[in-house]
Amino acid sequence: MKVLEQAECEKKLRVLVTGHHGYIGTVMVPIIEAAGFEVCGLDSDLFDGCVFGDASVTGAISPIPYIKKDIRDVELSDLKGVDAVIHLCALSNDPLGNLNPEVTYEINHKASVKLAKLAKEAGIERYILSSSCSVYGAATTDIVNEESEVNPVTPYAESKVMAEKDIAKLADSNFSPTFLRSSTAYGLSPMLRFDLVVNNFIAWSFTKGIVLLKSDGSAWRPFVHIQDISRAFISVLKAPKDIVHNQIFNVGQNSENYRIREVAEIAKQTVPNSQIQYVEGAEPDQRSYRVEFDKIATTLPDFKPQWTVAKGAKQLYEAYKKVGLLVEEFEGPRYRRITHLENSLRSGRIDSTMRLKVNN
């Protein structure tokens, strides 16, 4: 079995990134390649055609070898020659999870566990699951950490908790999973998501001069740039196995916990002549959690986040200006994930289980 110690990272270990054509994956792959790893991918291309801007704005999508396949259909042969797995693939926001909760559990929980079992059978020692701080849900304490009780309030968050628990049971001396609970993501990507808070606020303020809040803005949330998420995965890959074996790490930094209304204020300050506006009848969001990141800072000192929400807001604003973003675009089927899937269902491109039809 390969043990991914620091010295071995120079041997071009082959890392499989599932969901490599997604919001995080398209940013993570070139960062992993730059860190000295060989990368291959696996993606169903469910959101094919949703590319934002072009390479001059977002950076190029790395043309790595990949298998086009639904994560639920992965076979042992698909893992041949792989040394480590980074599992990003998921139905990855609450509206998508609510569209078909059963499929959310199939993909985010059952398929994640199946992939872990196959990886173990294939002799792949490192398996890093992309989880989420949303598992803390409606937190009952002021600040939560990796030892805190989870309290998921959506199918997406619950599916992540279930995946963590079942994959952890597979851990032994030859199979070493790690679970990275990322903060709420933001930042520029070739596969940009506009449903995420920071990305969405800057889009509204740029196109309409309004930072639109759909809650009262009192909820706490931690935030992390997708480039920093990518750096966290690299830090785990390079770390000695014994310090990351079957461990959970929150991904972010203590200074990047904000109330939603504070993020709205950052957006207002970033985009000239914009104002904050609350949707009529806006109520508190039951998802509120303030997260501690001491464990990752102490255990993985190589992980050094380089972004803040304010810096990321400026990055997004400049990109939106270059593209000439319109509200009809980011609220439309090309960039709004839930609308894209609903249209794909109506057109017959995918079936009710979110699988691409054979002729696609």
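List of remarks:
- Flag if THR299 is surrounded by 14 or more Cβ atoms within 10 Å (Cβ to Cβ), closer than 30 Å to ALA116 by Cβ and either at pLDDT 95 or above or hydrophobic (A, V, I, L, M, F, W, C) (or both): yes
- LEU316 vs. criteria under 17 Å from PHE52 (Cα atoms) and surrounded by 14 or more Cβ atoms within 10 Å (Cβ to Cβ): yes
- Test for TYR278: is it outside any strand (DSSP E or B) and either basic (Lys, Arg) or over 20 Å from GLY137 (Cβ atoms) (or both): no
- Some residue of the range 169-176 being over 24 Å from ALA90 (Cα atoms) and outside any strand (DSSP E or B): yes
- The condition of being touching a strand residue (DSSP E or B) at 6+ places or on another chain (Cβ under 8 Å), modelled with pLDDT under 95, within 30 Å of SER274 (Cβ to Cβ) and of a type in the set (A, V, I, L, M) holds for only one of VAL198, VAL153, VAL211, that being VAL211.
- Boolean, LEU46 is out of contact with any Lys or Arg (no Cβ under 8 Å at 6 or more places or on another chain), at pLDDT 95 or above and among the hydrophobic types (A, V, I, L, M, F, W, C): no
- A search for C-beta distances below 8 Å between a residue of the range 157-175 that is closer than 23 Å to PRO240 by Cβ and any residue that is among the hydroxyl-bearing types (Ser, Thr, Tyr) and not in a helix (DSSP H, G or I), counting only pairs 6+ apart in sequence or on different chains, returns GLU164/SER131; ILE167/TYR127; PHE175/TYR127.
- Taking the criterion of being out of contact with any strand residue (DSSP E or B) (no Cβ under 6 Å at 6 or more places or on another chain) and surrounded by 13 or more Cβ atoms within 10 Å (Cβ to Cβ), the residues of the range 135-150 that qualify are VAL135, GLY137, ALA138, ALA139, ILE143, ASN145, SER148, VAL150.
- Residue match in the range 331-348 (condition: β-branched (Val, Ile, Thr), closer than 16 Å to LEU196 by Cβ and modelled with pLDDT under 95): yes
- Residues considered: LYS165, LYS160. Of these, the only one that is buried (at least 24 other Cβ atoms within 10 Å of the Cβ) and in a helix (DSSP H, G or I) is LYS160.
- Subset of the range 23-35 (residues that are open to solvent by less than 20 Å² (accessible area, probe 1.4 Å) and either among the acidic types (Asp, Glu) or assigned to a loop (DSSP other than H, G, I, E, B) (or both)): TYR23
- Looking only at the range 269-303, residues that are within 22 Å of GLN315 (Cβ to Cβ) and within 25 Å of the chain's Cα centre (by Cα) come to 3 in all.
- Any hit, the range 315-322, residues being modelled with pLDDT of 95 or more, in contact with a strand residue (DSSP E or B) (Cβ under 6 Å, 6 or more places away or on another chain) and either closer than 18 Å to ASN200 by Cα or among the charged types (D, E, K, R) (or both): no
The values are calculated or read from the model by the stated rules, or taken from the named source; none is laboratory data. This one's a predicted model, so the numbers in the text were calculated from it and none came from an experiment. A quick note on method: Cβ atoms are made from the backbone with ideal geometry, for glycine too, and the neighbour counts reach across all protein chains shown. The area values use the complete protein model at the heavy-atom level, side chains included, leaving out ligands, DNA and RNA. Shrake-Rupley method; radii C 1.70, N 1.55, O 1.52, S 1.80 Å.
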